[in-house]
Amino acid sequence: MATLRERLAEEVPLVAVSFGDEDAERDAARARDGRVDVAELRVDWYASTRPDHALRQVRPFAGVPTLATVRAKDEGGYWAGDEPERLRLYEALMPEVDAVDVELASAEIRPGVVAAARAHGTLVILSHHDFTATPSAAHLDTLAEEGFAAGADLVKVSTMAHGPEDVRTLTEFTLRHQHRGVIVIAMGAEGAASRLMLPVLGSRITYSAIGGRPAPGQLPFEETVRLLELFSPRFARRRSGD
């Protein structure tokens, strides 16, 4: 199976699925059987966030492109520890995963996460989540500039959509920045179509669910793959060639 870096270089939409630690062996088998493009390991969901426990959950996914996320509560996550502890956890995970996701706003640990990632050749996603609204186009552009200036390989923007205008704003943002490496999601029922449309237009990863805890507006993995195969010939060719 190609690495995440190799997959991203193809500039074909990738489908991620988020997993906790309920049964890592089972979930890794699901990821392999379904040919999941990216297994997002939501370490903040884990029953224990001790590095030794987290690493035991990661290792069954060997051979599957992996993204480790330890999401802060301020942006929808469950992390309950302090920031130095979160940085140490990211550092422990770096040698075992293809990429990490940390919030752009997490200024206390973001530089350390980026530095550790560079040392291990790990990709960095710097992310911004707004569960209440979609900001202006100018603000979105500022987030992209700040993210890439801070060392992001990919900038992720996920905002709540309250209608077509919000989806349009995020679509235009995707088109402006698609060649730089962005992940763009319109959350909520109004934004459900964005999880298919924006990857076709250049957003690099879309997130789906296999059981677990679907995000607002998130589609099941199998349905996401089926519809992307319909709407993206490049995606369909890659799936058929794997």
Mean projected area, convex hull of alpha-carbon positions in segment 13-74, reported to one decimal in nm², is 4.4 nm²
Pairwise centroid distance, computed over Cα atoms, of segment 111-134 with segment 208-229, Å: 23 Å
Only sites in a loop by DSSP and with at most 12 other Cβ atoms within 10 Å count here; which GluC sites (Glu not before Pro) in segment 51-143 make the cut? Glu108
Among the trypsin sites (Lys or Arg not before Pro) within segment 1-98, which fall in a DSSP loop and have no more than 16 other Cβ atoms within 10 Å of their own Cβ? Arg35
5 angstrom amide H check on Asp130, placed H, neighbours 5+ away: Ser158, Thr159, Met160
Quick one: pull the percentage of alpha-carbon pairs in segment 45-151 with a separation above 25 Å. 21 percent
Given +1 on the Cβ of Lys and Arg, -1 on the Cβ of Asp and Glu, and no further charges, what dipole in debye does the chain carry about its Cα centre, rounded to the nearest 20? 640 debye
Considering every pair of different Cα atoms, what Kirkwood radius, in Å, is found for segment 119-226? 14.0 Å
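The numbers here are math on the coordinates, done by the rules we state, and not lab data. If you're wondering where the values come from, they're calculated on a predicted model, not measured in any experiment. Because the Cβ atoms are built from the backbone with ideal geometry, glycine has one as well, and the counts that use them run over all protein chains shown.
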